[in-house]
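S.K.: Would you mind keeping the following structure in view while I ask a few things?
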Amino acid sequence: MFKSSWLPLAPALGEVLLLNKASNAERRQLVVGNWKMNGNLQQNAALLAKVAAGWQGEHNADVVICPPFPYLMHTNSLLSGSSVLLGAQTVSENDQGAYTGEISCPMLADLNCKFVIIGHNERRRMQGETDEQVARQFVAVHRAGLIPILCVGESLKDREQGRQLETISRQLNAVFAHTGKDVFKNAVLAYEPVWAVGTGKTATPEQAEEVHRFMRAQLGGLASEVRILYGGSVKSHNAQQLFALPDIDGALLGGASLDADEFLAICKAAD
Ligand code: PEP
């Protein structure tokens, strides 16, 4: 599925749905599976055998799997021959040196990683990653020629206070301040409302589309080119509805990426 949707004005959701053929650039849908800290060699082999068999050859959507670091090489070899790409869940802002326990972008590139998730809300909340740190990680990923998947999203409190756009704007501006906007040509954004990740609650199409449209507008001249994923309890039963929205270009999946049938059903909905 390709999207060519962005509209410079901000019409109501219904109007956007009707008018979404109105602009120029085409964006391939993207589905990214974030396994988080799950799996083992045996389970991964079984899951990847099914996914690799189900995603061969040419498609209109890109599919990426981000396993835990120790399984990157194993995952890479089990995906060879399929069209599924490899990604990582986070990375150091430094390229090498005395940073015990850290993994660098050049190391990820060595292992055939193409994408790196950064700023996931679990890392912002549990590892205390700041907007500044996420911006430096973005720079490192870009420097290594990898594609950052920059996650942003508001907390439940922000949402209840109607401050979701303010939070998203702060998180995006922290990166823009380091990089400018041009580098987003080779980046992916993911809107992940914190209250929807791993909770079974999904943003309504209106809530998701409002934020995606806002994020797109922040990208200025690149607005119609950058892929913006939605993440937060996406499953096969709600994927189609979300993917039909003009400013949603695919999904970042947690739980659903651990089940091959569910994962492939979502990939097919994007295709
Ligand atoms: C995620 O971890 O990025 C995520 C979206 O998780 P889930 O799909 O389980 O909500």
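S.K.: Would you mention how many residues in segment 200-209 are touching a residue at least 12 places away in the same chain (Cβ under 8 Å) and more than 13 Å from the ligand (Cβ to nearest atom)?
M.R.: So the count comes out to 4.
S.K.: Just to be sure I understand, how many residues within segment 103-125 are in contact with a strand residue (DSSP E or B) (Cβ under 9 Å, 6 or more places away or on another chain), of a type in the set (D, E, K, R) and more than 16 Å from the ligand (Cβ to nearest atom)?
M.R.: 1
S.K.: Quick check on segment 229-254: of everything there that is crowded, with 20+ Cβ neighbours inside 10 Å and part of a helix (DSSP H, G or I), which residue is farthest from the ligand (Cβ to nearest atom)?
M.R.: Looking at residues that are crowded, with 20+ Cβ neighbours inside 10 Å and part of a helix (DSSP H, G or I), I get F243.
S.K.: Residues that are open to solvent by less than 50 Å² (accessible area, probe 1.4 Å), out of contact with any Leu (no Cβ under 6 Å at 6 or more places or on another chain), aliphatic (A, V, I, L, M) and part of a strand (DSSP E or B): does segment 40-61 have at least one?
M.R.: Within segment 40-61, one or more residues are open to solvent by less than 50 Å² (accessible area, probe 1.4 Å), out of contact with any Leu (no Cβ under 6 Å at 6 or more places or on another chain), aliphatic (A, V, I, L, M) and part of a strand (DSSP E or B).
S.K.: State which residue is surrounded by the most Cβ atoms within 10 Å (Cβ to Cβ) when the search covers only segment 260-271 and only residues that are within 11 Å of the ligand (Cβ to nearest atom) and touching a residue at least 40 places away in the same chain (Cβ under 8 Å).
M.R.: Of everything passing the filter in segment 260-271, I266 is surrounded by the most Cβ atoms within 10 Å (Cβ to Cβ).
S.K.: Here is a list: Q127, Q137. Which entry is over 25 Å from K235 (Cα atoms), surrounded by 20 or more Cβ atoms within 10 Å (Cβ to Cβ), among the polar types (S, T, N, Q) and free of Cβ contacts under 8 Å to residues at least 60 places away in the same chain?
M.R.: Checking each option against the conditions leaves just Q137.
S.K.: Might you check whether a residue that is in contact (Cβ under 8 Å) with a residue 12 or more places away in the chain, assigned to a loop (DSSP other than H, G, I, E, B) and more than 18 Å from G119 (Cβ to Cβ) occurs anywhere in segment 212-224?
M.R.: The answer is yes, given that some residue of segment 212-224 is in contact (Cβ under 8 Å) with a residue 12 or more places away in the chain, assigned to a loop (DSSP other than H, G, I, E, B) and more than 18 Å from G119 (Cβ to Cβ).
S.K.: Continuing with the same structure: Is it true that K201 is modelled with pLDDT under 95, in contact with a helix residue (DSSP H, G or I) (Cβ under 7 Å, 6 or more places away or on another chain) and farther than 25 Å from N60 by Cα?
M.R.: yes
S.K.: Would you mind finding the one in L30, L86 that is buried (at least 18 other Cβ atoms within 10 Å of the Cβ) and either away from the ligand (no atom under 16 Å from the Cβ) or hydroxyl-bearing (S, T, Y) (or both)?
M.R.: Only one candidate passes the filter, namely L86.
S.K.: Next question, about the same structure. Where residues in segment 146-165 are among the small types (G, A, S) and open to solvent by less than 50 Å² (accessible area, probe 1.4 Å), which of them is nearest to E209 (Cα to Cα)?
M.R.: Checked segment 146-165; the qualifying residue nearest to E209 (Cα to Cα) is G153.
S.K.: Name every residue in segment 173-199 that is surrounded by fewer than 19 Cβ atoms within 10 Å (Cβ to Cβ), away from the ligand (no atom under 16 Å from the Cβ) and within 17 Å of the chain's Cα centre (by Cα), in order of residue number.
M.R.: V183, K185, N186
S.K.: Which of (1) open to solvent by less than 20 Å² (accessible area, probe 1.4 Å); (2) in a helix (DSSP H, G or I) is the odd one out, the single condition L78 does not satisfy?
M.R.: (1)
The values are calculated or read from the model by the stated rules, or taken from the named source; none is laboratory data. As the structure is a computational prediction, the values presented were derived from the model and not from experiment. For neighbour counting, all protein chains shown are included, and Cβ atoms are generated from backbone atoms with ideal geometry for every residue, glycine included. For accessibility, only protein heavy atoms count, side chains too; no ligands or nucleic acids. Shrake-Rupley method; radii C 1.70, N 1.55, O 1.52, S 1.80 Å.
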